[in-house]
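*Asks:* The structure is given below, and queries will be raised subsequently.
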Amino acid sequence: MVMIFGVPAPLLLGQILLGLINGAFYAMLSLGLAVIFGMLNIINFAHGALFMTGAFVAWMLLHYAGIGFYPALVLVPLIVGALGVLLERTIIAPLYKIDPIYGLLLTFGVALVIEGLFRNGYGSAGLPYEIPASLSGGAQLGFMFLPTYRGFVVLAAAIVCFATWVTIEKTRLGATLRAATENALLVRAFGVNVPRMITFTFAGGVALAGFAGVLAAPIYTVNPDMGENFIIVVFAVVVIGGMGSILGSIVTGFALGVIQGLTSVFYPEGANMVIFLVMAFVLLVLPRGLFGKVA
Amino acid sequence: MRGDVRKPSHDYLVGFLCMLACIVIAPWVLYPLFLMRVLCYAIFVMAFNLLAGYSGLVSFGHAAFFGMGAYAAAWSAKNLGISAEVAVAIGGLAGAALGVVIGWLSIRRTGIYFAMITLALAQLVYFFCVQVPFTHGENGIQQVPRLKLFGAIPLNGSMAMYWFTAGVFILCFLAVHRIIHSPFGKVLQAIRENEPRATSLGHRTKTYKLIAFVLSALFSGVAGGLLALVFGFATLESVRYTTSGEVVLMALVGGFGTVFGPLTGSLVLSAMENYLASFGSWVTVAEGAIFIAAVLAFRRGIIGEVMAKLKVSL
């Protein structure tokens, strides 16, 4: 058997793959947070809860309406995005003129409400969501076994992240968006409906979380706590990466997932902690984050 | 995040005497155990408020100091054969020691980054507590004795423990009041209002913020240690991020940067939790709804609104 650093290669590569999967979720969630923060200047604490909502909506679509995984990949982001529009228009919009810390407090409240409601409705035990038949099984690559679904998740996440990056950095819409981030008043003077743009930015950010939720449903059991487990790690990811750069959030997310995967090979007890320790280290040497602008 | 910077006034003295009277009368009206919980959390909220309300640093990780204080006090109460006030002091020291490390790291950023960093570091402390043997994992440290005050007065009876808790609360209250109205406290408030300007006046703002952070962690540890003695256990629940959220909510409902806000917030939220305890997760939903309502409709909190209505400073 091939050994790498005294560890069997299949084990090491398997953990790296697991790390990549976690990293895929960190990347999608921190990307959404960064997009929302750029435009609204608010950290969306409810991001984890909306990710969890995405998983639950996928489960509901399957069990109440018989709608399967692939349609859910399109429908769920739309539904979660619509929920985002509702949230932004009703309770988040009044906060733009005050200290951004209140945005964090308010969205924390939203997260509590959503989690409490799902816990009341479905308990904390977790509901299983089957891997779709066309993605079950796996491929023996010789050096390791690759479960098809896991490969699919990493690929889908990478494509969605890349598409978001292209939209923001390379299209006309993205250019307007970035301009509005820099100076909303000036962009409005050019006749752009900035408030509507803000609403759809928020919706887009949380739709990403919803999409991630569908992908997560077959991997983790669908349960009310899945959001909170992710959101705090994602905050650390955001602090490490800094929210100045879209590409930065994506790269940081995937990289930290891999670091976490490697840690669970060499020191399993530290797997939960390693990302926070990396954050502490980054704060020491580069307080504004790896890709952050001066804040 | 406005706190009043004026001198302690007549209004304040009246408020303080009313509070003392309430603390003395309360155990004949309400359950002492409930009141002790309210007072412990009020100390915790005062500690948080010292940092958030007066220094402008809103931490989302204060459960780390509270929980560490609880564990340290519970462990030493069980194993060291000390008296009650020493156990609570050990809780405070444990909180302060952790505060030095977490504060030193997190004051490098401000605003929402500060909130996220403290949350993440507190989660690190949580996972640490899950792993290490001395916390006894999911079970927590159970059957913690209430000990004797000064090694002589037993605190097993609920009234004796109540007076001890009330005494610690009042000491903390006066200490926090002294800090806020000291020259040190004035500089903190100046930093909150305009940090570059405070720097330009020659103050080392980083040092001030770190000291405020450590003091806040110290009082949080005292609150956690006291709660561990009151209920006789210290569990993972006290280190969880939900506890951090709870203290933020209590401070917000009472009023950021007000002297009497912490006790008010602790009382209101504890009463609600007590009332809704049998309804399962509806407590979480209610807490979330209060968060939303407080941010949207009464950011000044109960005491802040009263202050504005009556034009007094509390």
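*Asks:* Using a 10 Å cut-off on Cβ to Cβ distances, tally the other chain neighbours for every residue of B:104-116 and report the average as a whole number. List each step's numbers first, then the result.
*Replies:* Details: counts 3, 6, 3, 2, 5, 7, 2, 6, 14, 12, 2, 8, 12.
Mean shielding count: 6.
*Asks:* Still on this model: How would you rank A:L75, B:L119, A:L185, going from fewest to most other Cβ atoms within 10 Å of each one's own Cβ?
*Replies:* So the residues, fewest neighbours to most, are A:L185, A:L75, B:L119.
*Asks:* Moving on. Which of the listed residues, A:G292, A:A58, A:L173, is farthest toward the dipole's positive end in chain A, when Lys, Arg count +1 and Asp, Glu count -1 at the beta-carbon?
*Replies:* A:L173
*Asks:* With point charges of +1 on the Cβ of Lys and Arg and -1 on the Cβ of Asp and Glu, referenced to the Cα centre of chain B, which listed residue (B:V306, B:G111, B:L30) lies farthest in the positive direction of the dipole?
*Replies:* In chain B, that residue is B:G111.
*Asks:* Provide, as a two-decimal number, the C-alpha radius of gyration of the range A:1-156 over 2.2 N^0.38 Å, N being how many residues it has.
*Replies:* Working: Rg = 19.2 Å, N = 156, 2.2 N^0.38 = 15.0 Å.
Its radius of gyration relative to the 2.2 N^0.38 Å reference: 1.28.
*Asks:* Taking each residue of B:241-254 in turn, how many C-beta atoms of other protein chains fall within 10 Å of its C-beta, and what is the average? Each step should come with its number before you reach the end.
*Replies:* Details: counts 4, 3, 0, 1, 6, 0, 0, 4, 4, 0, 0, 3, 0, 0.
If you average over the peptide's residues, the count of other-chain Cβ atoms is 2.
*Asks:* Sort B:31-37, B:198-204 for me by packing, meaning the mean count of neighbouring Cβ atoms within 10 Å per residue, highest on top. Don't skip to the answer; put the middle values down first.
*Replies:* Details: B:31-37: 18.0, B:198-204: 12.3.
The most tightly packed comes first, giving B:31-37, B:198-204.
*Asks:* What does the extension gain come out to for B:F184 and B:K78, with contour length at 0.36 nm per residue minus their alpha carbon separation? Don't jump to the answer; show the numbers that get you there.
*Replies:* Values: separation 106, 0.36 × 106 = 38.16 nm, distance 3.73 nm.
Additional length available on full extension: 34.4 nm.
*Asks:* In peptide A:95-107, what is the residue-averaged number of other protein chain Cβ atoms found within 10 Å of each Cβ?
*Replies:* 5
*Asks:* How do A:R178, B:R109, B:R197 line up, fewest other C-beta atoms within 10 Å first? Before the final figure, lay out each step's value.
*Replies:* Values: A:R178 15, B:R109 21, B:R197 12.
The fewest-first ordering by Cβ neighbours comes to B:R197, A:R178, B:R109.
*Asks:* So what's the convex hull volume per residue for the Cα atoms of the range B:10-310, in Å³?
*Replies:* Values: hull volume 41.0 nm³, N = 301.
Taking the convex hull of the Cα positions in the range B:10-310, it is 136 Å³ per residue.
*Asks:* What angle do you read, to the nearest 10 degrees and between 0 and 90, between the alpha-carbon axis of helix A:101-122 and the longest principal axis of chain A?
*Replies:* Orientation of helix A:101-122: about 50 degrees from the principal axis.
*Asks:* Where Lys and Arg each count +1 and Asp and Glu each count -1, what net charge lies around B:F114 among other residues with Cβ under 11 Å from its Cβ?
*Replies:* Numbers: positive: B:R108, B:R109, B:K209; negative: none.
Combined, the nearby Lys, Arg, Asp and Glu give +3.
*Asks:* On each of the three principal axes of the Cα atoms of the range A:48-90, give max minus min coordinate, whole Å, ordered largest first.
*Replies:* Each principal axis gives a Cα extent; for the range A:48-90 these are 32, 16, 15 Å.
*Asks:* Which whole-number percent gives the relative contact order of chain B, counting Cα pairs below 8 Å spaced six or more residues apart? Walk me through the numbers before you get to the answer.
*Replies:* Values: 546 pairs, mean separation 105.8, N = 314.
Relative contact order comes out at 34 percent.
*Asks:* Please give the contour-minus-distance gain from B:A289 to B:T242: 0.36 nm per residue of separation, less the Cα-Cα distance, rounded to one decimal in nm.
*Replies:* 15.4 nm
*Asks:* Kirkwood Rh, Cα Rg: Rg to Rh for the protein assembly as shown? The partial results should precede the final answer.
*Replies:* Details: Rg = 24.9 Å, Rh = 25.3 Å.
With Rg and the Kirkwood Rh in hand, the quotient comes to 0.98.
*Asks:* Helix A:148-170 versus the longest principal axis of chain A: what angle, 0 to 90°, nearest 10, using Cα atoms?
*Replies:* 30
*Asks:* Please report how far the C-alpha centroid of the range A:65-143 lies from that of the range B:130-144, rounded to the nearest whole angstrom.
*Replies:* If you average the Cα positions of each part, the centres end up 34 Å apart.
*Asks:* Could you size up the charge dipole of the range B:10-310 around its Cα centre, putting +1 on the beta carbon of Lys and Arg and -1 on that of Asp and Glu, and report it in debye to the nearest 20?
*Replies:* With only Lys, Arg, Asp and Glu charged at Cβ, the dipole is about 680 debye.
*Asks:* Sticking with this structure for a sec: Rounded, prolate or oblate: which fits the range B:216-296 when a ≥ b ≥ c are the square roots of the eigenvalues of the alpha-carbon gyration tensor, with rounded for a/c under 1.5 and prolate only if a/b beats b/c? It would help to have the intermediate numbers written out before the result.
*Replies:* Numbers: a/c = 1.81, a/b = 1.16, b/c = 1.56.
Oblate is the answer for the range B:216-296, as a/c is 1.5 or above yet b/c matches or exceeds a/b.
*Asks:* With +1 on the Cβ of every Lys and Arg and -1 on the Cβ of every Asp and Glu, and nothing else charged, how large is the dipole of the protein assembly as shown about its Cα centre, in debye rounded to the nearest 20?
*Replies:* Charge dipole of the protein assembly as shown: 1540 debye, to the nearest 20.
*Asks:* Once the Cβ-Cβ distance between A:F143 and A:N229 is put in as r, and R0 is 35 Å, what FRET efficiency do you end up with, to the nearest 0.05? Walk me through the numbers before you get to the answer.
*Replies:* Details: r = 31 Å, r/R0 = 0.88.
In this case the efficiency is close to 0.70.
*Asks:* While we're on this one: Would you work out the Kirkwood radius for chain A? I mean one over the mean of 1/r across all pairs of different Cα atoms, in Å.
*Replies:* Values: mean 1/r = 0.0506 Å⁻¹.
Taking every pair of different Cα atoms in chain A, averaging 1/r and inverting gives 19.8 Å.
*Asks:* What residue among B:R192, B:R108, B:R146 shows peak mean-square fluctuation when chain B is described by a Gaussian network model with Cα springs under 10 Å?
*Replies:* In the Gaussian network model the winner is B:R108.
*Asks:* What does the helix-only formula give at 222 nm for chain B: each DSSP H stretch with n ≥ 4 adding -39500 (n - 2.57), the total divided by the residues, and the result rounded to the nearest 500 deg cm²/dmol? Walk me through the numbers before you get to the answer.
*Replies:* Numbers: 13 runs with 224 residues, N = 314.
It lands at -24000 deg cm²/dmol.
*Asks:* Given axes a ≥ b ≥ c from the Cα gyration tensor, I'd like to know whether the range B:90-236 is rounded (a/c under 1.5), prolate (a/b larger than b/c) or oblate.
*Replies:* Oblate, since a/c reaches 1.5 and b/c is not below a/b.
*Asks:* If you don't mind, another one. Take the Cβ-Cβ distance between A:A189 and A:L247 as r, set R0 to 35 Å, and report the resulting FRET efficiency rounded to the nearest 0.05. Please list the in-between numbers first.
*Replies:* Working: r = 30 Å, r/R0 = 0.85.
The formula returns an efficiency of 0.75 here.
*Asks:* Computed FRET efficiency, Cβ-Cβ of B:C18 and A:T221, R0 35 Å: what is it to the nearest 0.05? Intermediate values should be presented prior to the final figure.
*Replies:* Values: r = 52 Å, r/R0 = 1.48.
Taking R0 as 35 Å, the efficiency between B:C18 and A:T221 is 0.10.
*Asks:* Expressed in nm to one decimal, what extension gain is obtained for the pair A:H63 and A:A175 from 0.36 nm per residue of sequence separation less their Cα-Cα distance?
*Replies:* On the way: separation 112, 0.36 × 112 = 40.32 nm, distance 4.12 nm.
Between A:H63 and A:A175, full extension yields an extra 36.2 nm.
Laboratory data are not the source of any read-out in this text; all were calculated from the coordinates shown. Note that this is a predicted model, so its numbers are computed, not measured. We place every Cβ from the backbone using ideal geometry, glycine too, and count neighbours over all the protein chains shown.
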